[in-house]
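Since the structure comes first, as structure tokens, the remarks are kept for the end.
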Amino acid sequence: MNFGIIAAGEGSRLQQEGVSLPKPLVRINGVPMIRRLIDIFCQCGAGSVAVIVNEEMTEVAAYLEKVKEEILPVRLEMIVKSTPSSMHSFWHLSSLLRGRGRFIVTTVDTIFRPSEFSDYVKAYESAPSDVDGMMAVTPFIDDEKPLYVEVNADMRITSFRDAAWADAKYVSGGIYGLSDAAVGVLDRCVKEGVSRMRNYQRALIEDNLDIRAYSIPKIVDVDHASDIATAESFLSGTI
């Protein structure tokens with residue numbers, strides 16, 4: 001499996017709250033978030049890891065250059081480019097992922113338990129070949145603007161919604177298992193001026209791609225300074 005990390009955001013909320021490090025280098029239990037993801041991917045048998053960081057993150061780019069040697073023989077590739085949205089970051093990152101079979105992309109601030117992520121990777125690897133993607137969802141709602149996910153009895157995603165409904169169960173976890181078919185939809189979205197990741201996800205369903213959901217009990221995001229302690233407590237099992 002190949003993996004990607006979207007790490008091109010500015011982390012402005014963390015900076016406003018007194019966190020001086022660039023967001024990818026913020027430490028969770030002593031480990032930079034971006035290194036934590038890379039290590040987990042390597043443990044899951046990564047063939048390659050692709051990362052996009054913005055042009056102002058010179059510290060992050062320098063850090064990743066050092067990590068390259070430490071994780072050999074896994075290939076670490078990097079794009080340094082500022083983009084207007086996470087969807088556009090993903091589009092640039094896709095140049096390093098397309099044509100290599102199935103891949104999994106996460107945002108850099110997505111925190112999950114390694115064992116649960118490993119089970120998700122195995123589920124996607126073993127999914128039938130006509131499944132175009134498998135996205136992680138969670139019943140735990142932590143995001144300020146969650147994207148709700150509707151599924152059928154086979155866990156095939158039927159819609160993405162901005163608002164909850166009576167029996168809403170899942171929200172998007174920021175973990176995207178996709179394929180070249182999904183990259184084709186991404187190309188079209190960029191060409192048509194689509195500007196948000198959630199609208200790209202909707203386009204996948206509108207184009208009738210078979211995108212499945214895989215439930216992970218708890219996924220948290222690090223958007224605010226207080227989320228750092230929350231993430232550490234979550235991973236240590238105290239919450």
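In a DSSP loop and with at most 15 other Cβ atoms within 10 Å, the trypsin sites (Lys or Arg not before Pro) in the stretch 156-194 are Lys169.
At what distance in angstrom do the alpha carbon centres of the stretch 193-234 and the stretch 8-63 lie from each other? A separation of 17 Å, based on Cα centres.
Of all DSSP-defined beta bridges confined to the chain, some 50% are antiparallel rather than parallel.
Working from label points 7 Å from Cα in the Cα-to-Cβ sense, the Glu192 to Asn208 distance is 1.5 nm.
Here the chain is described by how far its Cα atoms reach on the three principal axes: 43, 39, 34 Å, from widest to narrowest. Taking 19 Å as the cut-off, the amide N atoms of the stretch 200-239 that come nearer than this to a point 7 Å along the Cα-to-beta-carbon line of Met155 belong to 205, 209-220. For the stretch 37-129, the average shadow cast by the Cα convex hull is 6.5 nm², which is a quarter of the hull's surface. Mean separation of Cα pairs under 8 Å and 6 or more residues apart, divided by the residue count, gives the chain a relative contact order of 24 percent. Simple spin-label estimate for Lys218 and Glu10 gives 3.3 nm between the two label positions (7 Å along the Cα-to-Cβ direction from each Cα). This model, with +1 at the C-beta of Lys and Arg and -1 at the C-beta of Asp and Glu, gives the stretch 1-62 a dipole about its Cα centre of some 240 debye.
Along the chain, the longest continuous region that contains none of the GluC sites (Glu not before Pro) in a DSSP loop with at most 10 other C-beta atoms within 10 Å is 1-143. Rounded to the nearest 20, the Cβ-based charge dipole of the chain about its Cα centre (Lys and Arg +1, Asp and Glu -1) stands at 260 debye. Working note: 222 nm ellipticity from helices only, DSSP H runs with n ≥ 4, each -39,500 (n - 2.57), summed and divided by the residues of the chain, gives -10500 deg cm²/dmol to the nearest 500. Computing FRET efficiency as 1/(1 + (r/R0)^6) for Thr58 and Trp165, where r is the C-beta to C-beta distance and R0 is 35 Å, gives about 0.20. With 23 Å as the limit, the listed pairs Lys145/Lys218; Lys169/Lys218; Lys23/Lys191; Lys23/Lys218; Lys68/Lys191 have Lys23/Lys191; Lys68/Lys191 beyond it between alpha carbons.
With the simple spin-label model, which puts each label point 7 Å out from Cα in the Cβ direction, the Arg27 to Asp130 separation comes to 5.1 nm.
Every number in this text was worked out from the coordinates using simple rules, so none of it is lab data. Just so it is clear, the structure is predicted and the values come from calculations on it, not from any experiment. FYI the Cβ positions are ideal-geometry reconstructions off the backbone, even for glycines, and counts take in every protein chain you see.
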